[in-house]
Amino acid sequence: MTKRTSRQADIAKEAGVSQSTVSMVLNGTAENGRISAETRKRVLSTARRLQYVPASAQRAPAARAQPLLLGVHTFEPIFPTSTGDYYFEFMRGIEDQAAAEGCNLMLFTAARHDDGVRRIYEDGANGLQQAAGSLLLGHHADRDDLARLSAEHYPFVYIGHREVADGIAYVGGDYRTATGRIVDELVGVGHRSFAYLGETSRHEPQVDRWEGFATALGRFGLPVPEPHFTDPEGLTAQWLDAAVASGATALLVESVSLLRVLAAMASIRGLEIPRDLSIVVLVDIPVGEVGTRQWASLRVPRHEMGRRAVHLLTSLLTDPAGEYDRQVLLPCAYSLEATVGPRP
């Protein structure tokens with residue numbers, strides 16, 4: 001007698017949760033539904049114990065005679081060594097979802113080229129071919145490599161928003177919407193004049209933040225300031241002086257490295273935050289990363305991005321013609337309590 005395959009309903013009954021909760025956890029959307037870490041852990045543990053296999057995998061038994069081997073390639077040497085590393089939550093999400101879907105992982109750590117970027121192709125060969133498909137991440141992706149992988153129809157998912165050639169599969173954060181909502185709240189507490197400090201390197205995530213900011217100001221009919229795109233070494237106290245002199249009462253910053261320099265300059269100038277100037281950093285920033293205080297910040301859904309990327313990749317491998325989104329932007333949370341106040 002053939003043993004019946006475990007279903008999501010079986011997991012729900014064993015774990016004492018609803019079937020919709022099980023579906024969100026296994027599909028990597030649990031954080032969207034505000035499902036607690038404890039519940040997610042219980043569902044994943046139950047799924048492993050019951051040897052649950054996703055329906056998409058059941059439809060392709062030949063391809064799953066052995067567990068799928070998924071590659072993880074980074075374009076910079078960023079594999080995290082501690083929980084404080086920015087990429088740690090991406091990797092934790094990747095591992096959690098790979099375990100939930102019964103996949104194995106392989107880390108690719110090829111030597112860097114002269115430009116410091118880890119290339120995928122070496123002597124014309126795709127270095128990822130040992131894996132059935134791969135997850136790619138890193139701030140400085142080599143777009144030629146991405147375009148070539150796409151042209152060769154190698155299955156991969158980029159973790160982060162990247163637009164390449166005819167379109168690649170990716171899972172990123174919806175920074176445009178989140179930044180716009182941050183501006184909405186700043187305007188709501190009286191701010192009418194803004195400054196914007198951004199990174200020199202302008203990839204899609206940086207562009208999304210700036211465009212969300214500029215679009216939101218346009219909705220209110222407020223002036224859009226000239227953005228200042230610079231490296232931390234190029235940021236001067238004169239720029240901060242000019243921003244404050246122009247009447248700016250709220251300042252948005254794209255990176256922690258820029259915030260470090262800005263915070264030091266504000267302290268030297270005797271600016272009290274948020275009494276004199278409200279500041280929001282548009283990326284995660286742990287307490288104590290810049291000074292001893294908390295900072296108002298946008299929260300990148302890193303763990304969920306890792307999980308959704310694995311789920312998308314396994315879908316590409318087991319159901320390549322299926323009807324599902326191949327370009328996903330996940331909502332970002334934010335907190336403005338620490339360094340945002342009403343307009344002075």
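Cβ-Cβ under 7 Å, sequence separation 6+ or interchain: first residue in the stretch 232-254 and on the phi > 0 side of the Ramachandran plot, partner modelled with pLDDT of 95 or more. Which pairs? What qualifies is G247/S193.
Where helices (runs of 4 or more DSSP H) sit wholly within the stretch 137-256, those with at least 2 residues that are more than 16 Å from the chain's Cα centre (by Cα) and at pLDDT 95 or above occupy 175-188, 204-219, 237-245.
For L262, state whether it is outside any loop (DSSP other than H, G, I, E, B), more than 20 Å from P331 (Cα to Cα) and free of Cβ contacts under 8 Å to residues at least 60 places away in the same chain.
no
Restricting to the stretch 103-123, name every residue that is at pLDDT 75 or above and either aromatic (F, W, Y) or at positive phi (or both). Within the stretch 103-123, F108, Y121 meet the criteria.
Taken together, the residues in the stretch 265-281 that are over 16 Å from S246 (Cβ atoms), open to solvent by 40 Å² or more (accessible area, probe 1.4 Å) and either of a type outside the set (K, R) or outside any loop (DSSP other than H, G, I, E, B) (or both) amount to 4.
The values are calculated or read from the model by the stated rules, or taken from the named source; none is laboratory data. If you're wondering where the values come from, they're calculated on a predicted model, not measured in any experiment. As a convention, Cβ positions derive from the backbone with ideal geometry for all residues, glycine included, and neighbour counts pool all protein chains shown. Protein only, heavy atoms only, side chains kept; ligands, DNA and RNA dropped before computing areas. Shrake-Rupley method; radii C 1.70, N 1.55, O 1.52, S 1.80 Å.
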